[in-house]
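Comments concern the structure below.
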Amino acid sequence: MAWEGSTRRSRLPKNWAQICKRIKRRDGYRCTNIFEVGGRCTQAGTDVDHIIPGDDHSDDNLRLLCSWCHARKSGQEGAAARHSNRVQTQRPTTPHPALED
């Protein structure tokens, strides 16, 4: 489960339900994701997303996404976070034996 082991839910403001209703109404109950090719998602919006991850719950940092777009964005953010936490090692730069002089 996505919330398992997370403190995210406890950090949401007490009026999160009202904020979600306001964002859904503002975004017309439609997903606001714009794909790389320029088209907008046509699905119904179900999830209120933080544009910039963190604890900024202002309307400017919130948007409505469908569950597919939200899962995709969250997965990309998680992968980026895992990648940034990886220990970077440098491999030796020895040339291939066939290419040595």
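The values are calculated or read from the model by the stated rules, or taken from the named source; none is laboratory data. Note that the structure is predicted; figures quoted are calculated from it, not measured. No Cβ is skipped: glycine too gets one built from the backbone with ideal geometry, and neighbour counts run over all protein chains shown.
Structural remarks
- Restricting segment 50-64 to residues that are in a strand (DSSP E or B) and out of contact with any Lys or Arg (no Cβ under 7 Å at 6 or more places or on another chain), the residue that is farthest from Lys24 (Cα to Cα) is His50.
- Pair list, Cβ under 6 Å, 6 or more apart: segment 13-27 residue under 14 Å from Thr46 (Cβ atoms), other residue of a type in the set (A, V, I, L, M): Cys20/Val48; Ile23/Val48; Ile23/Leu62; Ile23/Leu64; Lys24/Leu64; Asp27/Leu64
- Screening the candidates Arg30, Arg11 for the property of being basic (Lys, Arg) and either surrounded by 14 or more Cβ atoms within 10 Å (Cβ to Cβ) or modelled with pLDDT of 95 or more (or both) yields one hit, Arg30.
- Restricting segment 54-66 to residues that are modelled with pLDDT of 95 or more and under 14 Å from the mean Cα position of the chain (by Cα) leaves a set whose member that is surrounded by the fewest Cβ atoms within 10 Å (Cβ to Cβ) is Asn61.
- If you go through segment 14-27 and keep only what is surrounded by fewer than 16 Cβ atoms within 10 Å (Cβ to Cβ) and either within 18 Å of Arg72 (Cβ to Cβ) or within 18 Å of the chain's Cα centre (by Cα) (or both), you end up with just Cys20.
- Subset of segment 37-53 that is more than 15 Å from the chain's Cα centre (by Cα) and surrounded by fewer than 16 Cβ atoms within 10 Å (Cβ to Cβ) - its residue that is farthest from Ile23 (Cα to Cα): Val37
A quick yes/no check of all residues on (1) closer than 24 Å to Arg8 by Cβ; (2) modelled with pLDDT of 95 or more; (3) in a strand (DSSP E or B):
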residue	(1), (2), (3)
Gly38	no, no, no
Val48	yes, yes, yes
Ala81	yes, no, no
Thr93	no, no, no
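- Unmet criterion (only one of (1) at pLDDT 95 or above; (2) touching a Lys or Arg at 6+ places or on another chain (Cβ under 7 Å); (3) not polar (S, T, N, Q)) for Trp3: (1)
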